[in-house]
1. Quick one: grab the alpha carbon gyration tensor of the stretch 136-182, order the square roots of its eigenvalues as a ≥ b ≥ c, and give me rounded if a/c is under 1.5, else prolate or oblate depending on whether a/b is larger than b/c.
2. Bin all alpha-carbon pair distances of the chain at 10 Å intervals from 0 and give each bin's fraction as a whole percent.
3. Which order do peptides 191-198, 461-468, 353-360 fall in by mean Cβ count within 10 Å, highest first?
4. Compare the peptides 19-25, 390-396 by average per-residue count of other Cβ atoms within 10 angstrom and give them in order, highest first.
5. On C-alpha positions alone, give me the angle between the axis of helix 320-356 and the longest principal axis of the chain, in degrees, nearest 10.
6. Summing -39500 (n - 2.57) over the DSSP H runs of n ≥ 4 in the chain and dividing by its residue number, what mean residue ellipticity at 222 nm do you reach, to the nearest 500 deg cm²/dmol?
7. By per-residue mean of other Cβ atoms within 10 Å, what is the highest-first order of 213-224, 409-420?
8. If you average the sequence gap of Cα pairs under 8 Å that are 6 or more apart and divide by the length of the chain, what percent do you get for the contact order?
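Values quoted throughout were computed directly from the atomic coordinates according to the rules given, and no laboratory measurement underlies them. Just so you know, these numbers come straight off a predicted model, no measurement behind them. Here the Cβ is made from the backbone with ideal geometry for all residues, glycine too, and neighbour counts use every protein chain on show.
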């Protein structure tokens, strides 16, 4: 057996005798197991609930009786975002962004019913998931288990005996790191089980799950290196513990908490109310479909009459009110897209700023990569909003087209005065069945990988930093030996 393995085996024996280390590890493993089972169950329950509500919304929309098409425009429809399979491992921003949108004509509503908005304030501090346990609690346990690995040898004077036996500093560092790395591997086991379960049972993408496992392994490996390096370069175990606790608090708690606030202050995002007011101001400048003297819609009317070769809207072969509704919806949707693009650009800048703090915190780097690979980052929410808006526009324009083609202009104008006209404008409800159901298309694996690149690159940076710290520690120990 090599000296490295002998040192690792001896360190494991010492760890087994350390009641604090043993208790901390057992508590972490228990939390990891609880987080694994509860997260998988919560994700399955939430996804089934959303699917049931989506099916109910589809049935209620399809089951509407004969109505005027524009009534259906205002009746609206609900769409729900399904949860990605890997959300059971890392739910990301899902609890904060909302998971359902009410779609209706002339308006673009926000996503609602995020878990944080319906839960206690404790939900703001993180959910008990495998990702949270490894990101926050895993390094803390490594600190408590390994802070004295080499500092203890210095305090007891055994470094001199090791030197007398011809032990190289590199072998000592490697043996201690191997021992602590075994603890990190044990801590990672429940997470690997959860990822395997999600791949086999929930059909999660295998490549994404493997990259998640590698990302968390790199993160824990960095902390193994940092603990061993700190234990090597401090005078005593107490100093090593204090330095490591400070590093953990700074990089795992403080920086990840203040980074979003700094990003928000650096690139402010208009509120929903400010955006709605700006859209209404733009609509008044562009055109008002209810104002017959509005320049835009007066020009639209003239162009429509010219296209059909008639002189008045009563002679059009289609219902002019339906055409007017289609033009009005096209204008408002363009404005919605314009303001959405602006909002998404600002949010992307905020995200880049926050991710940039990954140079100060490996937890931020891991979180960025983890959410992207799990499909629970802000880009996933953006995809849902964009697809919901495209679906809303398609439904509304189809109903407006039905108003133009299936309802006469005369009946449309007399429906509030003539009972027969009111009856004729209610078209066959089979048209509601012809409206396709909403189908959310998640990001492909390639898209997730591209989104995860910045976080993965930062993790490799921290891995290199950890290796550099170990080399420095090895030199200092070599000088001491």
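1. Working: a/c = 4.59, a/b = 1.92, b/c = 2.39.
Oblate.
2. 4, 16, 22, 18, 13, 10, 7, 5, 3, 1, 0
3. Numbers: 191-198: 20.8, 461-468: 16.2, 353-360: 18.9.
Result, highest mean first: 191-198, 353-360, 461-468.
4. Values: 19-25: 14.0, 390-396: 20.3.
Those peptides, ordered most packed to least, come out 390-396, 19-25.
5. Helix 320-356 sits at roughly 10 degrees to that axis.
6. Details: 21 runs with 341 residues, N = 481.
The helix-only estimate for the chain comes to -23500 deg cm²/dmol at 222 nm.
7. Values: 213-224: 22.1, 409-420: 14.3.
Ranked from most to least packed, the peptides come out as 213-224, 409-420.
8. Working: 620 pairs, mean separation 121.5, N = 481.
The normalised contact order for the chain reaches 25 percent.
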